[in-house]
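Student: Before anything else, here's the structure in question.
The values are calculated or read from the model by the stated rules, or taken from the named source; none is laboratory data. Everything numeric here is computed off the predicted structure, so don't read it as measured data. Glycine gets a Cβ as well: all are built from the backbone with ideal geometry, and neighbour counts include every protein chain shown. Side chains included, ligands, DNA and RNA excluded: accessible areas come from the protein's heavy atoms. Shrake-Rupley method; radii C 1.70, N 1.55, O 1.52, S 1.80 Å.
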Amino acid sequence: MDTDAVRHIDDPLYEKLRSENMEAFNAAKAKQSPLPSFAHGDFRGLDLRGMDAQGLDLSHAYFRGADLRGIDFSDTRMEGASIAGAKISGCFFPRQLHADEIVMSLNHGTRMRYDTHK
């Protein structure tokens, strides 16, 4: 299996995100520990507004055309994620993630890079 490939994740929490049911996702997430990894997850075109992203691993995830407005990603792993064409107004991104990385990913689909060891 290609470890860099975008994939569907066999996890009930992931399925709640895929169904765009943020109320059910947030409620189930609050009761679950540890959280599953959503690394390399496929979130293309989804409306994820209202998602509690705190503590999630969304590294290398694919958000092309997704609606991410208002999500607080400040405590979320996002290195390698791509947000091409996503709606991002009102988002908080990890402090280590430079604005130019966000703009390049949004406009050109590049994978966002930042130092996760700071």
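Student: May I ask you to compute the full-extension gain from His108 to Glu20, defined as 0.36 nm times their residue separation minus their alpha-carbon distance, rounded to one decimal in nm?
Tutor: 29.2 nm
Student: Taking θ as phi - 60°, what are the ³J(HN,Hα) couplings along the range 48-65 by the Karplus curve (6.51, -1.76, 1.60), each to the nearest whole Hz, with x for Gly and Pro?
Tutor: These are the phi-based 3J(HN,Hα) values: 9, 3, x, 5, 7, 8, 4, x, 7, 9, 10, 4, 6, 6, 10, 10, 3, x Hz.
Student: For Ser33 and Ala5, what does the FRET efficiency come to when R0 = 22 Å and r is the distance between their Cβ atoms, rounded to the nearest 0.05?
Tutor: Efficiency for this residue pair is about 0.20.
Student: What size of dipole, in debye to the nearest 20, comes out for the chain about its Cα centre when the only charges are +1 on Lys and Arg C-beta atoms and -1 on Asp and Glu C-beta atoms?
Tutor: Dipole magnitude for the chain comes out near 180 debye.
Student: If you only keep lysine pairs separated by 8 or more in sequence, or across chains, how many in the chain come under 25 Å at the Cα atoms?
Tutor: Total qualifying Lys-Lys pairs in the chain comes to 4.
Student: Taking each pair of different alpha-carbon atoms in the range 68-118 once, compute 1/r for the pair, average those values, and report the inverse of that mean as the Kirkwood hydrodynamic radius in Å to one decimal.
Tutor: 10.8 Å
Student: How large, in percent, is the carbon and sulfur part of the accessible surface of the chain at a probe radius of 1.4 Å?
Tutor: Looking at the chain in its full context, I get 48 percent from C and S.
Student: How big is the chain on each of its three principal axes, counting only the C-alpha atoms and giving the largest first in Å?
Tutor: Answer, in whole Å and largest first: 35, 35, 29 Å.
Student: Related question: Counting pairs of alpha carbon atoms under 8 Å apart in space and at least six apart in sequence, what relative contact order in percent does the chain give?
Tutor: Result for the chain is 19 percent.
Student: I would also like to ask the following. Each label point is 7 Å from the Cα along the Cα-to-Cβ direction; what then is the distance between the points at Asp100 and Ser74, in nm?
Tutor: 2.5 nm
Student: What ³J(HN,Hα) values, in whole Hz, does the Karplus curve 6.51 cos²θ - 1.76 cosθ + 1.60 give for the range 84-99 when θ = phi - 60°, with x put for Gly and Pro?
Tutor: 3, x, 6, 8, 10, 4, x, 6, 9, 10, x, 4, 6, 7, 6, 4
Student: Pop out the ³J(HN,Hα) list for the range 30-41 in order, Karplus 6.51 cos²θ - 1.76 cosθ + 1.60 with θ = phi - 60°, rounded to Hz; leave Gly and Pro as x.
Tutor: With the stated coefficients, the range 30-41 comes to 5, 9, 9, 8, x, 7, x, 7, 9, 4, 6, x Hz.
Student: Next question, about the same structure. Taking the solvent-accessible surface of protein heavy atoms with a 1.4 Å probe, what is the per residue accessible area of the chain in Å²?
Tutor: Dividing the accessible area of the chain by its residue count gives 55 Å².
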